[in-house]
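See structure below.
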Amino acid sequence: MAALADTPHLAVVTDFDGTLAPFAASIYEAEADPRALEALTALSTTADTTAAVLSGRHLEGLRRVCPVQEPVVFGGSHGAESSWQSTALSPQMQAHLDAKEAEIRKLMERFPGAEIEIKPFQRVLHLRKLELKDPDAAKAAYQAGLQLDPAGFPRTAGKSVIEFSATTASKGSWIELLRERVDATAVVFLGDDVTDESGFRVLVQPPDLGVKIGEGETAARLRLADTAAATQFLVALAHARATARAER
Ligand SMILES: [Mg+2]
């Protein structure tokens, strides 16, 4: 904590769901502890300090549930979106998403019960519903989905889900971008989920610090039990940082 308080430029990045806010019944009911939001705001207005919220939610949805203002910065869609620039879907990325969407819709005609999910940077074929109704058809649809050309873009084949993405961004690549942008000499990243591991992996600990919230294997050096402990950590860090800067 003392080393982080003294570093020339500190960047504090936190995930939202499961880290700042306990999981809620509905996605837009998730609420962060006001003390955690205050700590983030305090960090963002302290000299030589950057505060950021980085989430799998898309940027607009993240702003809806996380009411902190600039200079806190936001990263959305697992790092594909940044609050400092308008969302960049290049013509190539858009064409790729349009092509995959058209192909998935054709599959849905061949295999009724197959579904599509539209995300800002992804088109996803979902076969869970079909699987329950007709496992053989679901298998055939899955094979057909694997035949769709990822055209050099990322494709993730999960259990009865195939996701076509137009971006290679991850929480890790976003943190690296932020580090360069603000010239951070130490980065703290807090997260609870497997998608946060890409963020932990780009850290050099120390001087950086990964903070894993809850159970599970992790590359983070520090583990905290729950969102309440994460709030306490942020409050303590904001206080330490403000005190160290004031003494300079
Ligand atoms: Mg999370």
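The values are calculated or read from the model by the stated rules, or taken from the named source; none is laboratory data. None of these values were measured; they are calculated from a predicted model. Cβ atoms come from the backbone with ideal geometry, glycine included; neighbour counts cover every protein chain shown.
Odds and ends about this structure:
- Considering the stretch 183-194, and only residues there that are within 24 Å of T156 (Cβ to Cβ) and assigned to a strand (DSSP E or B), the residue that is farthest from the ligand (Cβ to nearest atom) turns out to be F189.
- The requirement of being within 24 Å of G75 (Cβ to Cβ), touching a residue at least 24 places away in the same chain (Cβ under 8 Å), outside the structural domain of D17 (by TED's automatic domain parsing) and surrounded by 20 or more Cβ atoms within 10 Å (Cβ to Cβ) is satisfied by L97.
- Unique match (being crowded, with 17+ Cβ neighbours inside 10 Å and either at positive phi or out of contact with any strand residue (DSSP E or B) (no Cβ under 6 Å at 6 or more places or on another chain) (or both)) among T227, T185, T168: T227
- Of residues in the stretch 12-44 being β-branched (V, I, T) and surrounded by 14 or more Cβ atoms within 10 Å (Cβ to Cβ), the one nearest to the ligand (Cβ to nearest atom): T19
- Residue pairs meeting the criteria (Cβ under 9 Å; at least 6 apart or on separate chains; first at positive phi, in the stretch 8-21; second surrounded by 24 or more Cβ atoms within 10 Å (Cβ to Cβ) and assigned to a strand (DSSP E or B)): G18/G191; G18/I213
- Taking residues in the stretch 135-153 that are within 19 Å of A99 (Cβ to Cβ), and partners anywhere that are of a type in the set (V, I, T), the pairs with Cβ atoms closer than 7 Å and at least 6 places apart or on different chains are G145/I162; L146/I162.
- One residue from E176, E180, E197 being in a helix (DSSP H, G or I), without any contact (Cβ under 8 Å) to a residue 24 or more places away in the chain and more than 16 Å from the ligand (Cβ to nearest atom): E180
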